[in-house]
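Colleague: For reference, the structure I am asking about is given below.
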Amino acid sequence: MGCFAFKSKAKNQRAAASGARSPAPTSDGQKSKASSASTPTRSIQELSDERGAQRLRVFDLDELSSATNGFSRALKIGEGGFGSVYRAFFRSAGGGGGGRVVLAVKRLNQRSLQGHKQWLAEVQFLGVLEHPNLVRLVGYCAVDSETSKHRLLVYEFMPNKSLDDHLFNRAHPPLSWRLRLQIMIGAARGLDYLHEGLQEVQVIYRDFKAANVLLDADFKPKLSDFGLAREGPTEGKTHVSTAVVGTHGYAAPDYIETGHLTTKSDVWSFGVVLYEILTGRRSLERSRPAEEQKLLGWVRRHPPESQSFRSIMDPRLGGRYPAAAARQVARLADRCLVKNPKERPAMREVVEELERVLQMEPPTTTAADKDGDRRLPPAKR
């Protein structure tokens, strides 16, 4: 496939590289064009050939096994369809001080039929994409033996887990209103970069959800997990036709019904998460009463202009939010969730609107809001 140059030290890893370079499905190798592009288009595969090999490090399997103490369960920090994620400790390149660098290692579940394709997509996309609101891929490992195939990814470590954890896991203190807005502004900037930030290619994320918004030590958000990402439509086309994949409750209905994928599919998903930060509820909660299980159906009965709107707000906020700002976020979410994808705003507009909403907030006076201000400095464009 030629997506990147493997420079492995180990013979078996070179063999794995040879296998990984086999032709990929046509849909993943299509050239595409960002809406603002004025130069000839280039595919992610071509850009990865050029940039990925220079930016990404090839790790040995033994090195990753040692860094994770043999992929110890004690160091496991997450698990998903792709596989398990571990905290990993590496010796600092500085040498003498004996310091350690903490990274995250994602290990492919060998029973995952789609795992290799998603692993390859992550290496391709994150070997090219670079933005403050995207997680940084440090390197990868690919080793094939007679009995097994090993595919691993090495990322920067995000100590504050995900937005999903902080919204829905009661073990974490509630996020302040200000912090919720700043996290969503950062996530919106990440999506805007994917949609319009690269001159050569447009990227559709396809799996935006709170669980994929990771938080660093300062609660700065970074989009992660690019296994389902796709290049946008080629010049002259309005969409990419593809099998419907993603997470139930976040995929746009037009994408589900037609398989037509556009950047506006991501905008819909963003609207869902906006309502999650307002309500503190997941997009789908089977434990709720029947009329409240589907988040979007429930909030539509309490529109922003209604007197009952306050009843949908996350009780963990304790009323510490500007009511006018909350209503404005709900209006923005509703714009992201309109049925006709062409009528949804671009992510650039979403960023600008959220920044205006942030300015509506009165000076922070509560301990919770002050704590939120300490954890996350003012967002920068």
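Colleague: Answer yes or no: is there a residue in the range 288-301 that is over 20 Å from the mean Cα position of the chain (by Cα), part of a helix (DSSP H, G or I), small (Gly, Ala, Ser) and within 25 Å of Leu354 (Cα to Cα).
Modeller: yes
Colleague: Something else: Anything in the range 107-159 that is small (Gly, Ala, Ser) and modelled with pLDDT under 90? List them, or say none.
Modeller: Those that are small (Gly, Ala, Ser) and modelled with pLDDT under 90: Ser112, Gly115, Ser145, Ser148.
Colleague: A further question on this structure: Since Ile256 meets every condition but one in (1) more than 30 Å from Thr242 (Cβ to Cβ); (2) modelled with pLDDT under 95, which condition does it not meet?
Modeller: Failed condition: (1).
Colleague: A follow-up question, please. Among the residues of the range 137-152, which ones are in contact (Cβ under 8 Å) with a residue 40 or more places away in the chain and either in the same structural domain as Ile185 (by TED's automatic domain parsing) or surrounded by fewer than 22 Cβ atoms within 10 Å (Cβ to Cβ) (or both)?
Modeller: Within the range 137-152, Val138, Gly139, Asp144, Ser145, Lys149, His150 qualify.
Colleague: Can you report the number of residues in the range 246-280 which are without any contact (Cβ under 8 Å) to a residue 60 or more places away in the chain and among the charged types (D, E, K, R)?
Modeller: Qualifying residue count, the range 246-280: 1.
Colleague: Scan the range 153-183 for residues that are touching a residue at least 12 places away in the same chain (Cβ under 8 Å) and of a type in the set (Lys, Arg) and jot them down.
Modeller: The answer is Lys161, Arg178, Arg180.
Colleague: Give the residue that is surrounded by the most Cβ atoms within 10 Å (Cβ to Cβ), with candidates limited to residues of the range 323-361 that are modelled with pLDDT of 95 or more and not in a helix (DSSP H, G or I).
Modeller: Arg344
Colleague: State whether one or more residues within the range 130-148 are out of contact with any Leu (no Cβ under 6 Å at 6 or more places or on another chain), within 25 Å of Asp266 (Cβ to Cβ) and among the acidic types (Asp, Glu).
Modeller: Yes; the residues of the range 130-148 include at least one that is out of contact with any Leu (no Cβ under 6 Å at 6 or more places or on another chain), within 25 Å of Asp266 (Cβ to Cβ) and among the acidic types (Asp, Glu).
Colleague: Looking at Arg206, is it modelled with pLDDT under 95, in the same structural domain as Gly227 (by TED's automatic domain parsing) and crowded, with 22+ Cβ neighbours inside 10 Å?
Modeller: Judged against the criteria, Arg206 is a match.
Colleague: How many residues are in a loop (DSSP other than H, G, I, E, B) and either outside the structural domain of Val138 (by TED's automatic domain parsing) or modelled with pLDDT under 95 (or both) when one looks only at the range 72-103?
Modeller: Adding up the residues that qualify gives 11.
Colleague: Of these, Gln124, Gln110, which one is among the polar types (S, T, N, Q), touching a residue at least 12 places away in the same chain (Cβ under 8 Å), in the same structural domain as Leu56 (by TED's automatic domain parsing) and crowded, with 23+ Cβ neighbours inside 10 Å?
Modeller: Gln124
Colleague: To continue, here is another question. If the Cβ limit is 9 Å and pairs must be 6+ apart or interchain, which residue in the range 285-305 that is loosely packed, with under 14 Cβ neighbours inside 10 Å pairs with which residue that is of a type in the set (S, T, N, Q)?
Modeller: Arg286/Gln293; Ser287/Gln293; Arg301/Ser308
The values are calculated or read from the model by the stated rules, or taken from the named source; none is laboratory data. Quantities reported herein were computed from a predicted structural model and do not represent experimental measurements. Glycine also receives a Cβ, built like all others from the backbone with ideal geometry; neighbour counts cover every protein chain displayed.
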